[in-house]
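Visitor: Structure in structure tokens, see below.
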Amino acid sequence: MYEGAVQDLIDELGRLPGVGPKSAQRIAFHLLAADADDVRRLVDALTQVKARVKFCEVCGNVAEEERCRVCRDPRRSPTVICVVEEPKDVVAIERTREFRGTYHVLGGAINPIDNVGPDDLRISQLMSRLADGQVTEIILATDPNVEGEATATYLARLLGPMGLRVTRLASGLPVGGDLEYADEVTLGRAFEGRRVVHG
């Protein structure tokens, strides 16, 4: 335990995902030793991201305007929606340059252990996007882990009766992994080999 402000900083850093107590302590002491200008740039970046970045009113991706870059792009096909868990997954898929449709970011995955159910995700917003009948295919690109599979299965059952083509990314992605860590070739092959999901 350290005194006052140092311990407060360690505690706050420790609340970040993937940052344990030792990492929080290392980061805190790095910041203490860093040049004041470097720290000021970090503070400015954090302040700016909170002030300027919001979530796209259409798909839920991060955006600095009402709509994200993908939703504003007239070259994207409005007939295919790729459903992902988080904005970082959009970035991972965009790196492949294989997908030309639009996205829908759920904001997580079904996870009963963490009390995350279907109502906690952006599923109702997805259903609203399907109301006009323009969408013909939904690609379920949730993570290939237990929570991602549960979410994909739930969505497949929900969307199946609507007469849409519902597909899931093919093998090639490691089970238990995260999309953001998949390389472009693996993720590109998974897109090419996606399969129909029966609910």
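The values are calculated or read from the model by the stated rules, or taken from the named source; none is laboratory data. Quick caveat, the model's predicted, so the values are computed rather than measured. Virtual Cβ from ideal backbone geometry, glycine too; neighbours counted across all protein chains shown.
Visitor: So Ser124 passes all but one of these: (1) without any contact (Cβ under 8 Å) to a residue 24 or more places away in the chain; (2) loosely packed, with under 13 Cβ neighbours inside 10 Å; (3) over 23 Å from Cys71 (Cβ atoms). Which condition number does it fail?
Guide: (3)
Visitor: Among the residues that make up the range 71-92, is at least one of them free of Cβ contacts under 8 Å to residues at least 60 places away in the same chain, more than 14 Å from the chain's Cα centre (by Cα), more than 24 Å from Glu147 (Cα to Cα) and crowded, with 18+ Cβ neighbours inside 10 Å?
Guide: Looking through the range 71-92, at least one residue is free of Cβ contacts under 8 Å to residues at least 60 places away in the same chain, more than 14 Å from the chain's Cα centre (by Cα), more than 24 Å from Glu147 (Cα to Cα) and crowded, with 18+ Cβ neighbours inside 10 Å.
Visitor: Looking only at residues that are in contact (Cβ under 8 Å) with a residue 12 or more places away in the chain and hydrophobic (A, V, I, L, M, F, W, C) in the range 20-32, which one is surrounded by the fewest Cβ atoms within 10 Å (Cβ to Cβ)?
Guide: That would be Leu32.
Visitor: So for the range 98-117 (the condition being of a type in the set (Gly, Ala, Ser), within 21 Å of Glu192 (Cβ to Cβ) and out of contact with any strand residue (DSSP E or B) (no Cβ under 7 Å at 6 or more places or on another chain)), does at least one residue qualify?
Guide: Checked against the condition, which is being of a type in the set (Gly, Ala, Ser), within 21 Å of Glu192 (Cβ to Cβ) and out of contact with any strand residue (DSSP E or B) (no Cβ under 7 Å at 6 or more places or on another chain), the range 98-117 yields no hits at all.
Visitor: State the number of residues belonging to the range 17-45 that are part of a loop (DSSP other than H, G, I, E, B) and among the basic types (Lys, Arg).
Guide: Qualifying residue count for the region: 0.
Visitor: Evaluate the range 135-151: report whether one residue or more is modelled with pLDDT of 95 or more, more than 23 Å from Arg69 (Cβ to Cβ) and not in a loop (DSSP other than H, G, I, E, B).
Guide: Looking through the range 135-151, at least one residue is modelled with pLDDT of 95 or more, more than 23 Å from Arg69 (Cβ to Cβ) and not in a loop (DSSP other than H, G, I, E, B).
Visitor: Between Gly193, Gly177, which is farther than 18 Å from Phe99 by Cβ and surrounded by fewer than 16 Cβ atoms within 10 Å (Cβ to Cβ)?
Guide: When all the criteria are applied, what remains is Gly177.
Visitor: Residue pairs, Cβ under 7 Å, 6 or more apart or interchain, first in the range 1-19 and farther than 12 Å from His30 by Cβ, second in a helix (DSSP H, G or I). List them.
Guide: Met1/Gln7; Tyr2/Ile10; Val6/Ala28; Gly14/Pro21; Gly14/Ala24; Val19/Leu13
Visitor: Another one. Restrict the check to the range 46-57 and report whether at least one residue is part of a strand (DSSP E or B) and within 20 Å of the chain's Cα centre (by Cα).
Guide: Yes, some residue in the range 46-57 is part of a strand (DSSP E or B) and within 20 Å of the chain's Cα centre (by Cα).
Visitor: Turning to a different aspect of this structure: So which of Arg100, Arg95 ends up being more than 15 Å from the chain's Cα centre (by Cα) and farther than 21 Å from Tyr154 by Cα?
Guide: Checking each option against the conditions leaves just Arg100.
Visitor: With respect to the numbered conditions (1) farther than 17 Å from Val105 by Cβ; (2) in contact with a strand residue (DSSP E or B) (Cβ under 6 Å, 6 or more places away or on another chain), which one is the sole condition not fulfilled by Tyr181?
Guide: Checking Tyr181 against (1) farther than 17 Å from Val105 by Cβ; (2) in contact with a strand residue (DSSP E or B) (Cβ under 6 Å, 6 or more places away or on another chain), the one that fails is (2).
Visitor: Write out, first by first residue and then by second, each pair whose Cβ atoms fall under 6 Å of each other, whose residues are 6+ apart or on separate chains, and whose first residue, in the range 155-166, is under 17 Å from His104 (Cα atoms) while the second is among the acidic types (Asp, Glu) and crowded, with 16+ Cβ neighbours inside 10 Å.
Guide: What qualifies is Arg165/Glu137.
Visitor: Out of the range 107-127, which residues are part of a helix (DSSP H, G or I) and more than 17 Å from Pro161 (Cβ to Cβ)?
Guide: Within the range 107-127, Pro112, Ile113, Asp114, Asp119, Asp120, Gln125 qualify.
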